[in-house]
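Okay, structure first, notes after.
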Amino acid sequence: MHIETTAIHAGRRVDPSTGAVTLPFHPSTTFERSADGSFPSGYEYIRDDNPTRQAFETAMAALEGGQAAVAFSSGMAAITAVFEGHASKGNRIVVPDDMYFGIRSLIDETDIGHRFDFVAVDMRDMDAVRAAVGAAPTGLVWIETPSNPLIRVVDIRATCDLAHEVGALAVVDNTWATPILQRPFDLGADAVVHSATKYIGGHSDLMAGVVVLPEASALERPLRMIQHHKGSVAAPFDCWLALRGLQTLPVRMRAHCEGAQRVAEALRRHPAVEAVLFPGLPGDPGHALAGRQMSGYGAMLSFIVGGGAEAAMAVAGRLKLVVRATSLGGTHSLIEHRASVEGPKSMAPSGLLRLSIGLEHPQDIIDDLDQALSVAG
Ligand SMILES: *Cc1c(COP(=O)(O)O)cnc(C)c1O
């Protein structure tokens, strides 16, 4: 089956008891036992398993080309579960220096940072990755590509190979690319993580996370135990909304990418813009690699305006259509001044604005950016 078809059908079927075409929503927390004490449906209690979450997990495993998926209450809950559950030989976790800022905060502000030996490197530099995994027993290499907010592209296959040379697992955060644009299992990944809050849900109205695993993964049992017993599980309604979003993920991603390409090209020509960070532009350092490892360049881009933070905030302040808000992957285009959101530890240049290109007509986004930039400089 093609991915467009999998997105609609995997994990779902016409409901045999009612003929309902869409997946029935089951909020039930508990399921009836037979007189002999067994559970004829296989379901017992909502936290352990339930029909709506199971359908979402089945669909995600199919879409990523994995074997199993474990759904959590958020992307961060999924990431925390991977850090806690990977139970490997080494205590070191190598992360990219440019990555989703929530992971930086998880490391700096919770016990996770004390329990593991985190090292951050520029993952475009394979010598830096090799040095980091070689210097101490390493259990996990965390890959995020394209990265946030510098939109760097990391070579998934080369990084997975370096992780495997030292017996470490390689895990890819595929939130920004989605299984439509990037196939980490084909490139050697041992697990794929998503914040379903973003493109998978696609409408800025749910929060969930998921870890997808290949066949016979040693991670499956620990992740299931964290899900069942630590309890940061995805709620049935969020799973139901995510399944609804999944159906249009392939067509949405094509439209998101097309819009982002047009906006990036328009921004690159604008005299008030100093730089555009987007792998779809031929001059971008990640262009060739993204062309090889992705089937589209994504819809996240950053641009830098002259005049630093004040000028960037002023540009964002003049926008009328593009919404000033955090997050990404929904139908609305969103803009954010990352340096002020992230604070002093930010890697973002002061004049950088990050854009999540939504599904509005690209020309309307370009016109809005144009009017906001035209007063600048
Ligand atoms: C949003 C995001 C996360 C965290 O997901 P939540 O659902 O907000 O917890 C992790 N990684 C990336 C790349 C993200 O964009």
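The values are calculated or read from the model by the stated rules, or taken from the named source; none is laboratory data. Just so we're clear, the structure is a prediction, and the values are computed from it rather than from any experiment. Cβ: placed from backbone, ideal geometry, glycine included. Neighbour counts: every protein chain shown. All accessible areas refer to the heavy atoms of the entire protein, side chains included, with ligands and DNA or RNA removed. Shrake-Rupley method; radii C 1.70, N 1.55, O 1.52, S 1.80 Å.
A simple spin-label model places pseudo-atoms 7 Å from Cα toward Cβ; at residue 91 and residue 157 they are separated by 3.6 nm.
Using alpha carbons only, the radius of gyration of segment 1-143 set against its Kirkwood radius gives Rg/Rh = 1.10. Springs between Cα atoms under 10 Å define the GNM used for the chain, and in it the highest mean-square fluctuation of 43, 199, 297 occurs at 43. 3J(HN,Hα) along segment 194-207: 10, 8, 6, 4, 9, 5, 5, x, x, 10, 6, 9, 8, 10 Hz, from the Karplus curve 6.51 cos²θ - 1.76 cosθ + 1.60 with θ = phi - 60°, whole Hz, x for Gly and Pro. The stretch between residue 109 and residue 216 holds 35.2 nm of extra length on full extension. This uses 0.36 nm per residue minus the Cα-Cα distance. Under 5 Å between amide hydrogens, built in the peptide plane, is the criterion, and for residue 208 it picks out 75, 196, 197 among residues at least 5 positions away or on other chains. In order along segment 33-42, the phi-based Karplus estimate (6.51 cos²θ - 1.76 cosθ + 1.60, θ = phi - 60°) of 3J(HN,Hα) comes to 7, 6, 4, 7, x, 7, 10, x, 7, x Hz; Gly and Pro are listed as x. In the chain the longest region clear of GluC sites (Glu not before Pro) that are loop-assigned by DSSP and have at most 13 other C-beta atoms within 10 Å covers 33-214. Compactness of segment 250-374 is given as radius of gyration and Dmax, 13.6, 38 Å, from Cα positions. Top mean-square fluctuation among 308, 66, 296, Gaussian network model of the chain, C-alpha springs under 10 Å? In the Gaussian network model the winner is 308.
Our note on the geometry: Cα centres of segment 246-322 and segment 123-161, 23 Å apart.
Accessible area per residue for segment 250-374, computed on protein heavy atoms with a 1.4 Å probe, is 41 Å². For the chain, the antiparallel share of DSSP beta bridges with both residues in that region comes to about 55%. Converting the Cα gyration tensor eigenvalues of the chain into ellipsoid dimensions via √(5λ) gives semi-axes, longest first, of 35, 26, 18 Å. Residues whose amide H comes within less than 5 Å of that of residue 169, counting only those at least five positions distant or on another chain, are 140, 141 (H built at 1.01 Å from N in the peptide plane). Projecting the Cα atoms of 307, 375, 101 onto the dipole axis of the chain, where Lys and Arg carry +1 and Asp and Glu carry -1 at the beta carbon, places 375 farthest toward the positive end. Assuming a ≥ b ≥ c are the square roots of the Cα gyration tensor eigenvalues, decide whether segment 233-281 counts as rounded (a/c under 1.5), prolate (otherwise, with a/b larger than b/c) or oblate. Because a/c hits 1.5 or more and a/b exceeds b/c, segment 233-281 counts as prolate. The slack between residue 228 and residue 254, meaning 0.36 nm per residue of separation minus the straight C-alpha distance, is 5.8 nm. Rounded to whole numbers, the Karplus 3J(HN,Hα) couplings from phi for segment 105-110 are 5, 4, 6, 7, 10, 10 Hz, using 6.51 cos²θ - 1.76 cosθ + 1.60 with θ = phi - 60°, and x at Gly and Pro. With a cut-off of 14 Å between beta carbons, the residues surrounding residue 321 carry a summed charge of -2, where Lys and Arg count +1 and Asp and Glu -1. Highest mobility in the GNM of the chain, judged by mean-square fluctuation with C-alpha springs under 10 Å and restricted to 30, 175, 58, is found for 30. Using only side-chain charges placed at the Cβ, +1 for Lys and Arg and -1 for Asp and Glu, the dipole size of segment 3-245 relative to its Cα centre rounds to 280 debye.
From its DSSP helices (H runs of at least four residues, each -39,500 (n - 2.57)), the chain gives a residue-normalised ellipticity at 222 nm of -11000 deg cm²/dmol. Around the amide H of residue 120, modelled in the peptide plane, lie the amide H atoms of 95, all under 5 Å away and 5 or more residues distant in sequence or on another chain. Could you work out how far apart the two model spin labels at residue 18 and residue 203 are, taking each label as a point 7 Å from the Cα in the direction of the beta carbon, and quote it in nm? For residue 18 paired with residue 203, the spin-label model returns 1.7 nm. Quick one: putting +1 on the C-beta of Lys and Arg, -1 on the C-beta of Asp and Glu, what dipole do you get for segment 250-374 around its Cα centre, in Debye to the nearest 20? Computed about the Cα centre, the dipole is about 260 debye.
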